[in-house]
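Reviewing the structure listed below.
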Amino acid sequence: MRIRSAGTDRPAPSRPGPVVTGCLDVVLGVLLIALESLVSAVLFYAYTGSDPRPPNPDMAEAGPPGMDWSGTLVLAAVTAVACLIGVVLLRHGLPIAGVVQLIGVCVLLVLTVTAWHSAYEDAHATPGAARAHTAPPYT
């Protein structure tokens with residue numbers, strides 16, 4: 001015959017099943033991507049949305065303007081933070097959220113390289129090719 005102690009009449013706490021934890025894992029991944037998208041959009045607009053400074057009339061034009069690194073650096077920083085969050089999620093046993101995070105990192109990496117390439121082309125444009133993307137005037 002077994003003797004029960006006074007504190008054992010409660011059932012042992014049960015862990016949620018794989019369906020619940022998997023669903024929460026997906027929701028966490030999607031919420032993190034949405035939050036990072038919002039933060040990166042705000043940072044990108046804050047650093048690149050301002051008007052450039054007007055040229056100083058006392059200085060002579062010395063050549064094409066230098067490359068604008070603000071958009072590239074903001075996106076690179078957000079990409080690095082998102083990658084770190086993805087690795088931490090994978091290390092803490094949330095594989096779906098970690099994979100969703102790393103897929104978002106790949107998209108951010110493509111956007112970062114695109115922003116860099118666009119800034120590089122603007123800074124190193126040939127004089128005759130500056131208006132190549134505009135439509136010709138109507139005659």
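The values are calculated or read from the model by the stated rules, or taken from the named source; none is laboratory data. Values in this document were obtained by computation on a predicted structure and should not be read as measured data. Glycine gets a Cβ as well: all are built from the backbone with ideal geometry, and neighbour counts include every protein chain shown. Ligands, DNA and RNA are excluded from the accessible area calculation, which covers all protein heavy atoms including side chains. Shrake-Rupley method; radii C 1.70, N 1.55, O 1.52, S 1.80 Å.
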**Qualifying residues in segment 65-97 (those that are at pLDDT below 90 and open to solvent by 100 Å² or more (accessible area, probe 1.4 Å)) - the one farthest from VAL27 (Cα to Cα)** = TRP69
**Prompt:** Is there any pair linking a residue in segment 21-32 that is modelled with pLDDT of 80 or more to one that is in a helix (DSSP H, G or I) and open to solvent by less than 60 Å² (accessible area, probe 1.4 Å), with Cβ under 7 Å and at least six apart or on different chains, and which?
**Reply:** LEU28/ALA97; GLY29/ALA97; GLY29/VAL100; GLY29/GLN101; VAL30/VAL100; LEU32/ILE85; LEU32/ALA97; LEU32/GLN101
